[in-house]
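First up is the structure itself, then whatever we jot down about it.
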Amino acid sequence: MPADALDRSVNALRLDKYLWFARMARTRSAAARLCADGKVTVGGSTALKPHHRVRIGDWIAIENGGMRRRIRVLDFAAWRGNPAAARLLYDEPAPVERLTREPWTPLLDEESWEPA
């Protein structure tokens, strides 16, 4: 729901609520966990608290599920709507970036290991 359904005095929203409204996280608890794990940055600084305030025009980077997304906040919502309504809340100018994982390396050399 666009900002016209909100009180015009609202100029900021909690980060966990915004991520949930914009469908960047399935639940508000999952959005709070992303913040606590250091997976969300707002304006280039890591937002470790879910109550971090987000304003229209802020840039948010989210690392979730092996992907990194950079979005710009365009609007707020009064409640969580369908995916089409959620897409109107942000602008994503760059495509989703797939994060590369470091290759797995064994801690012990399997050939030199002997059972006790």
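Taking the residues in the stretch 52-103 that are among the acidic types (Asp, Glu) and part of a loop (DSSP other than H, G, I, E, B) as candidates, determine which candidate is modelled with the lowest pLDDT.
Glu102
How many residues are touching a residue at least 40 places away in the same chain (Cβ under 8 Å) and closer than 15 Å to Gly66 by Cα if we restrict to the stretch 16-39?
The number of residues fulfilling the criteria is 1.
Take the stretch 72-86 and flag every residue that is in contact (Cβ under 8 Å) with a residue 60 or more places away in the chain and surrounded by 14 or more Cβ atoms within 10 Å (Cβ to Cβ).
The answer is Asp75, Phe76, Ala77, Ala78, Arg80, Gly81, Ala85, Ala86.
Taking only pairs six or more apart or across chains, which ones have beta-carbon atoms under 6 Å, a first residue in the stretch 55-71 that is touching a residue at least 40 places away in the same chain (Cβ under 8 Å) and under 9 Å from Thr41 (Cβ atoms), and a second residue that is open to solvent by 40 Å² or more (accessible area, probe 1.4 Å) and not hydroxyl-bearing (Ser, Thr, Tyr)?
Ile62/Arg69
So which pairs qualify, if the first residue must be in the stretch 92-116 and over 30 Å from Leu74 (Cβ atoms) and open to solvent by 90 Å² or more (accessible area, probe 1.4 Å), the second must be at pLDDT 65 or above and part of a loop (DSSP other than H, G, I, E, B), the Cβ gap must be under 9 Å, and the two must be at least 6 apart or on different chains?
Arg101/Gly66
Name the single residue, out of those in the stretch 38-64 being open to solvent by 70 Å² or more (accessible area, probe 1.4 Å) and β-branched (Val, Ile, Thr), that is nearest to Leu99 (Cα to Cα).
By that ranking, first place goes to Thr46.
How many of the residues in the stretch 17-43 are in a helix (DSSP H, G or I) and either among the hydrophobic types (A, V, I, L, M, F, W, C) or more than 15 Å from Ile56 (Cα to Cα) (or both)?
Number of matching residues: 12.
Pick from the stretch 1-16 the residues that are part of a loop (DSSP other than H, G, I, E, B) and open to solvent by 20 Å² or more (accessible area, probe 1.4 Å): which of them is modelled with the highest pLDDT?
So, considering only residues that are part of a loop (DSSP other than H, G, I, E, B) and open to solvent by 20 Å² or more (accessible area, probe 1.4 Å), the one modelled with the highest pLDDT is Asn11.
The values are calculated or read from the model by the stated rules, or taken from the named source; none is laboratory data. The shown structure was predicted, so the numbers you read here are calculated from the model rather than taken from an experiment. Methodologically, a virtual Cβ is constructed for each residue, glycine included, from the backbone with ideal geometry; neighbour enumeration extends over all protein chains shown. Surface areas here come from the heavy atoms of the whole protein model, side chains and all, with no ligands, DNA or RNA. Shrake-Rupley method; radii C 1.70, N 1.55, O 1.52, S 1.80 Å.
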